[in-house]
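One structure is given below, encoded as structure tokens.
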Amino acid sequence: MTDLQDAAIEPEDLQLDNTDPETSGSPEPLDDEQQARLLRVLKVAYPHPSFPDGPYQRTSAAVQQADADGVLADGLDALGDLDGLDDDAVTAALKAVEETPFFRLIHSTTVVALYDDHEVWQILGYEGSSFEKGGYLHRGFDDLDWLPDPRIEEYDGEPRLELVEKEA
Amino acid sequence: MASIAHDDPVVVIIGSGAGGGTMAYELTRNGVPCVVLEAGRFLTPDDYENDEWAAFGQMAWLDMRTTSGTWRVAKDFPNLPAWIVKAVGGSTTHWSGATPRIMAHEFKARTTYGAVDGANLLDWPITLDDLAPWYDKAEQAIGSTHRHGRPALPANNNYKVFANGAERVGYKYYATGPYGTNAEPYDGRPASIQDGFNFQGDKNTSKWSTAVREIPRALKTGKLDLRPECHAVRITHDSTGKVDGVEYLDAAGSLHKQAARVVCVAGNSIESPRLLLMSASSLHPDGLANSSGQVGRNYMRHMTGSAYARFDQPVRMYRGETMAGIIADEAKHDPNRGFAGGYYMETLSLGPAFLASFIEPGEWGRSFTEKMDAFLNTAGMWIVGEDMPQESNRITLDDEVKDAHGLPVPHVHFDDHPNDVAMREHGYAAADAIYGAVGSTGVHHTPPYPSTHNLGTCRMSEKPEDGVVDKWGKAHDVPNLFVSDGSVMTTGAAANPTLTIVALAMRQADHILQEMSTGQL
């Protein structure tokens, strides 16, 4: 579980007032076949050759947890058997349902959960929290070496022209 | 901290951000007792988190809002029109730090630009010269780099790409500021440690905010009664038309009323007009101080866009001060470009967590994941410029959707003006040129985020029929009601607004002190 899943904050949730206990229902858990199909959908819709299974599995759990309206199982069933399909065919099948609540649930949850996963951060080259390490002041905030060091002061020549006349 | 009785009529300030926090300090340090009603919690730097979504969940204003209009935010983030903060310190907690001043001609937008179809342009009732002394004071309070002898911040990785590109395309007016974060210790706060988390509150306190400067100092005067988690819901007035109190809900949802001698509304440009509209009475049937019908109208959010450029080599844009890089060459009015007004380009970085949600909302598949895979080698910038005020871009009370307390939520309607669209396209092309000049292999044009710069919904005007407040930010219709935030801005100008909001609040505070000393308030 990532920190985010604990916080359970995502853009699609922002409209919820959290005052109505009716909105937090818990649909039936997915069966094994549905679980496998969801994992395939995630790997095809968000393909990263460098990602292992772990982040996708954690994202799958987050999607299932976010399925308050119970659209996930039916959406997966409607996709049918994906086993014989290549990735392009699965992509086409998803394209056909991308405006449905089923796919919106998957997308809105995945863009948050998958990319808030600390293993993913490491793979992408993001270092996360830095304050407790003294920031990057002595750890490479300016270590880019393939361009010259630019001027940091403001230009000291003629002042900037703020108002330009219209040409005839 | 002071403890002020509910029936003691004092200055009541609604909001503790750039406007409200500044007002509270300026008045209390001059001996004027104030109550500050802040809807959010009292977060301190120890509470801030170096984690994008955790910080967002901690401090973002997530109360229900609804949207309409042609802007893409209404589709992608229908209930998050604005990305602002609900906490003591308001949106200065997550502001980026760029502090350009508004230019002289931008105060005269209607005169300079002429009539623009569909735009409700108006000249400000003040000039740059009028505001200049307070700009000086605001830059001193904020500690802007490059100003008043303060040193520049060093170049971070994202800036190196940005500034080299700028130089190669012939731009001159680039620098690492002016920027409201200490390059060296200043004003009792330390120098930046370049931790890269200034949108999440700055744990190191090197970045100015009212949460680390004005509010703590105001509390030390013993004249401030700060009430966090207290959400103002109605301003009341007496039979003579003067405001006399503010009703608010506390954390438990209980209703209270604080008597008021003066009321300063500083709830940002969505909540401020919402509060005035919710304060309608028989004397003010269309909302408090709304005889002009302009309360909530002319909502501006700045023309914005972002460009994320990929390179063959590492950038690590996330290391260091997020927005310590500004190019000002395009911040000019040049009618030959085919649009009115100008824009700045400023360095910007998002971590993978935010980038995934905002770089191209709704996108999936390999085109999306390629952008994420390139994270390490990506440089980013924000484009921010003047947008056209339109009467129909406005905040209204939603007829159907109520908040947890049964009050109407604010509805935000926004249509892009053709001038905004033309400027954005120009900005994207400029970004392509800058990054292309230093070897970018591709630049993605990211659409505007939920609004961080919310402006104009209670605008200043010379004539009462044209706007809501006068040149001091005082309501045209009510002698002791002030608006003290960015909603007073007559037009948006190109500059990031925080410096101007602080300068206007300081100027307004001086005016209020003057009026109090002469018995007029």
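For A:His118 and A:Gln57, the FRET efficiency from 1/(1 + (r/R0)^6), where r spans their Cβ atoms and R0 equals 22 Å, is about 0.95.
Take the Cα of B:Asp7, step 7 Å toward its Cβ, do the same at B:Asp312, and the gap between the two points is 7.9 nm. Normalised by 2.2 N^0.38 Å, where N counts its residues, the alpha-carbon radius of gyration of chain A equals 1.50.
Can you work out D for region A:31-124 in µm² s⁻¹ from Stokes-Einstein, where Rh is the Kirkwood radius over C-alpha pairs, the temperature is 4 °C and the viscosity is 1.567 mPa s?
97
Multiply the residue separation of B:Asp136 and B:Asp399 by 0.36 nm, subtract the distance between their alpha-carbon atoms, and state the gained length in nm to one decimal.
Values: separation 263, 0.36 × 263 = 94.68 nm, distance 4.39 nm.
Extra length from B:Asp136 to B:Asp399 when fully extended: 90.3 nm.
Taking region B:1-39 and a reference point 7 angstrom along Cα→Cβ of B:Leu407, the backbone N atoms nearer than 14 Å belong to B:14-15, B:37-39. For B:Lys172, a cut-off of 12 angstrom between C-alpha atoms picks up these aspartates and glutamates, skipping any fewer than 8 places away in its own chain: A:Glu153, A:Glu154, A:Asp156, A:Glu158, B:Asp329, B:Glu330. With only the Cα atoms considered, region B:298-404 has a convex hull volume of 188 Å³ per residue. Dividing the mean sequence gap of close Cα pairs (under 8 Å, 6+ apart) by how many residues chain A holds gives a relative contact order of 28 percent.
Cross-link partners for A:Lys166 among the lysines, with Cα-Cα distance under 20 Å and sequence neighbours closer than 8 places in the same chain left out: B:Lys108, B:Lys332.
Helix B:498-517 and the long axis of chain B differ in direction by around 20°, with both axes built from C-alpha atoms.
Report Rg/Rh for region B:10-517, rounded to two decimals, where Rg is the Cα radius of gyration and Rh the Kirkwood radius.
0.95
Between region B:229-295 and region A:32-79, what is the separation of their alpha carbon centroids in Å? Distance between centres, Cα-based: 48 Å.
The lysines within cross-link reach of B:Lys207, meaning a Cα-to-Cα straight distance under 24 Å and a gap of 8 or more places when in the same chain, are A:Lys133, B:Lys86, B:Lys137, B:Lys160, B:Lys220. Taking the empirical scaling 2.2 N^0.38 Å for compact globular proteins as reference, region B:41-152 has a Cα radius of gyration ratio of 1.42.
Just so you know, all these numbers are worked out from the coordinates, no wet-lab data involved. Just so you know, these numbers come straight off a predicted model, no measurement behind them. Don't worry about glycine lacking a Cβ; one is built from the backbone with ideal geometry, like all the others, and counts go over all protein chains shown.
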